[in-house]
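The values are calculated or read from the model by the stated rules, or taken from the named source; none is laboratory data. Here the structure is a predicted model, which is why all the values come from computation and not from measurement. Because the Cβ atoms are built from the backbone with ideal geometry, glycine has one as well, and the counts that use them run over all protein chains shown. Only protein heavy atoms, including side chains, enter the accessible area calculation; ligands, DNA and RNA are left aside. Shrake-Rupley method; radii C 1.70, N 1.55, O 1.52, S 1.80 Å.
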Amino acid sequence: MLSCQNVIDGQHNCNGTTWVFSGSKNKELVALVTYGQIDGDTRTKRSVTPNCSLVIKNITAEDVGNYECQQYKKGSEHLVHMSVTDLSVIT
């Protein structure tokens, strides 16, 4: 579980939270969760807790990289806070 820091109060189902990922091999940002909604092909592997933390099941080397939790003000695209977590896998 990757926690999101400084979650904005008053969100309904994390509707002000976006999680993006950039892998160790590919630095391109990939949206995993957009305003609380899990993006299509990640639904079985990832979920979001009520406090907007990101849960990743069955972690593999492909999951290694940076995860950004972005907090947006309700009703706007104004970024209020971002926290970054670097995930490593040791085998």
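Does region 46-57 contain any residue that is more than 30 Å from THR91 (Cα to Cα) and open to solvent by less than 80 Å² (accessible area, probe 1.4 Å)?
Quick first cut of region 46-57, residues more than 30 Å from THR91 (Cα to Cα) only: 50.
Subset that is open to solvent by less than 80 Å² (accessible area, probe 1.4 Å): none.
Within region 46-57 (the criterion being more than 30 Å from THR91 (Cα to Cα) and open to solvent by less than 80 Å² (accessible area, probe 1.4 Å)), the answer is no, since none of the residues qualifies.
Can you pull out the residues in region 27-45 that are more than 22 Å from GLU77 (Cα to Cα) and either open to solvent by 90 Å² or more (accessible area, probe 1.4 Å) or in contact with a helix residue (DSSP H, G or I) (Cβ under 6 Å, 6 or more places away or on another chain) (or both)?
At the first step, the residues of region 27-45 found to be more than 22 Å from GLU77 (Cα to Cα) are 27, 41-45.
Once the filter is applied, which keeps residues that are more than 22 Å from GLU77 (Cα to Cα) and either open to solvent by 90 Å² or more (accessible area, probe 1.4 Å) or in contact with a helix residue (DSSP H, G or I) (Cβ under 6 Å, 6 or more places away or on another chain) (or both), region 27-45 yields LYS27, ASP41, ARG43, THR44.
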